[in-house]
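Asker: The structure under discussion is supplied below as structure tokens; questions concerning it will follow.
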Amino acid sequence: MLAEMISKEQIKNIWGFAKEVNIDKDNLYCMIDRISKKDSMRQMTKLQANKLIKELIDIKDKNKKVNKKCKSQKRTDTNGNKNTKFQREKIYNLTGILGWNDNNNRINGFVKRMFKVDRIEWLDEDDCSKLIEILKKMIIRQGKDKELE
């Protein structure tokens, strides 16, 4: 039984998905070679083309998950208590010294443990002041107090 060759629609889909996930021509042809052991897309069978399309879709889905995760990690300095805006900026500077700014959940988890508030933006002025002092003490204990100046 002779295998059916790739269709024009599959070729369009492959190029479209490759463009969506930023795979250049050279890398796409490396994938084609790995899947089909062919050096031309037109020599692929429909089954091989479907495997390639599935791989491209998997890459696209993986990129979506990563992007979604990154979006959820953004700082939310723009919202929250307007009276504590400058205090929160100071807090973020201090957490940067501690190396916490790569994970928004870390400072929010700390705030939740210490002040029983889910997000740093919801702290009042007194709690922000207390948090600033706590963070300063942590920096001093870690020997990074030169960065405070």
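Asker: Looking only at residues that are farther than 17 Å from ALA3 by Cβ and part of a helix (DSSP H, G or I) in region 26-53, which one is least open to solvent (accessible area, probe 1.4 Å)?
Answerer: So the residue we want is LEU28.
Asker: While we're on this one: May I ask you to say which residue of ILE11, ILE23 is within 31 Å of the chain's Cα centre (by Cα), surrounded by 14 or more Cβ atoms within 10 Å (Cβ to Cβ) and not in a loop (DSSP other than H, G, I, E, B)?
Answerer: The match here is ILE11.
Asker: Answer yes if at least one residue in region 85-104 is under 16 Å from the mean Cα position of the chain (by Cα), assigned to a helix (DSSP H, G or I), at pLDDT below 85 and surrounded by 11 or more Cβ atoms within 10 Å (Cβ to Cβ), and no otherwise.
Answerer: Yes, region 85-104 has at least one match.
Asker: Residues in region 114-129 that are surrounded by 14 or more Cβ atoms within 10 Å (Cβ to Cβ) and free of Cβ contacts under 8 Å to residues at least 40 places away in the same chain: how many?
Answerer: 3
Asker: Scan region 130-149 for residues that are touching a residue at least 24 places away in the same chain (Cβ under 8 Å), open to solvent by less than 70 Å² (accessible area, probe 1.4 Å) and in a helix (DSSP H, G or I) and jot them down.
Answerer: LEU131, ILE132, LEU135, LYS136, MET138, ILE139, LEU148
The values are calculated or read from the model by the stated rules, or taken from the named source; none is laboratory data. What you see is a predicted model; the values in this text were computed from it and never measured. All Cβ positions, even for glycine, are placed from backbone atoms using ideal geometry, and neighbour counts span all protein chains on display. The protein model used for the area step is the full one, side chains on, heavy atoms only, and it has no ligands, DNA or RNA in it. Shrake-Rupley method; radii C 1.70, N 1.55, O 1.52, S 1.80 Å.
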